[in-house]
Amino acid sequence: MEKCARTDSMDAKLQEIVGLKTQFDVFRFMRRLTEEYGAKVFMVVNLPPLTSLTLSSNTVITNLPAELIAAFDRESLLASSPVLKRLRESAVPFALDMSTVSKERGSSASEEMFGRYGLSKGAHFPVHDGTGLRGSIALIGDRTVFDIQQMMELSYLFIHVYEALGQIRSLTMRAADTLSDREVDCLNWTAAGKTSAEIAEILGLSEHTVNHYLNRAAKKLDTVNRTQAVAKALRTGLIK
């Protein structure tokens, strides 16, 4: 009976993943899954290129505290990360213990940094999408140790999660191709904190026209308002 229940639960989760349409949908799913498996935080990252120096620039979605990621990057810990080295060398899921990472690094900096937030153990699950892009999904907590069954379940689920994110990214980029120059201009000025009236004056347009461009951009980016549109455009690199 227990095996049937777990199978039904997995089937339900896979069906839910298929229905995820936005990064925010994936974020909510991952946050719930993280809690279900007894962890505190999750992190979805693209495998950083050899020239990359920051974790933040390779993070897709996460509920790690922003100040923790900023501190990690400020100390330039990515380049010397034993975890990153292992992810580059293997596609096998593995347990994560911050004390072990410290020994391999020869420094307790990251262990102390994560320890302030009660993050000491977890696991990394290497993934890739249909385009061949490689990444990893991690679950981390204070005493998170997954058994073999859980590792298998999470590995299977995360393959689908990363693929879903890849499809969402592809749809976003296709939508971006349809954004007009004026729509991009309006998004850029909105990101800079300008109101519709101020943007209208800057671009020599009416306020009504500016609102029209912003509403159309939001629709193309599959967002509900200009705030979400700007956030998504910034996240996907459509505006700077």
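Could you tally up the Lys pairs in the chain with alpha carbons closer than 14 Å? Skip any pair fewer than 8 positions apart unless they're on separate chains.
Final tally of qualifying lysine pairs is 7.
For a footprinting-style exposure proxy, rank ILE148, ILE61 by other Cβ within 10 Å, fewest first.
Ranked by crowding around the Cβ, least crowded first: ILE148, ILE61.
Can you sort HIS124, HIS160, HIS208 from fewest to most other Cβ atoms within 10 Å of each residue's own Cβ?
Ranked by crowding around the Cβ, least crowded first: HIS208, HIS160, HIS124.
Each label point is 7 Å from the Cα along the Cα-to-Cβ direction; what then is the distance between the points at ARG116 and ALA79, in nm?
Spacing of the two 7 Å Cα→Cβ label points: 2.3 nm.
What distance in nm separates the two pseudo spin-label positions at GLN150 and ASN63, each 7 Å out from Cα along the beta-carbon direction?
If labels sit at GLN150 and ASN63, their model points lie 1.6 nm apart.
Can you give the helix-only mean residue ellipticity at 222 nm for the chain, where every DSSP H stretch with n ≥ 4 adds -39500 (n - 2.57) and the sum goes over all residues, rounded to the nearest 500 deg cm²/dmol?
-17500 deg cm²/dmol
If the label point is 7 Å along Cα→Cβ of THR51, which residues in segment 67-95 have backbone nitrogen under 17 Å from it?
79
Which of (i) 26; (ii) 41; (iii) 51 is the computed percent of Cα pairs over 28 Å apart for the structure on display?
Of the labelled values, this structure produces (ii).
Taking the Cα centre of each part, how many Å lie between segment 139-153 and segment 183-238?
Using only Cα atoms to place each centre, the spacing works out to 42 Å.
In percent, what relative contact order does the chain have, based on Cα pairs under 8 Å that are 6 or more apart in sequence?
16
Whole-Hz Karplus ³J(HN,Hα) for segment 116-124, in order, using 6.51 cos²θ - 1.76 cosθ + 1.60 and θ = phi - 60°, x for Gly and Pro?
Once rounded to whole Hz, the list reads 4, 9, x, 10, 10, 9, x, 7, 10.
Every number here is computed from the coordinates shown, using simple stated rules; none is lab data. Here the structure is a predicted model, which means the values were calculated and not measured. All Cβ positions, glycine included, derive from the backbone under ideal geometry; neighbour counts span all protein chains shown.
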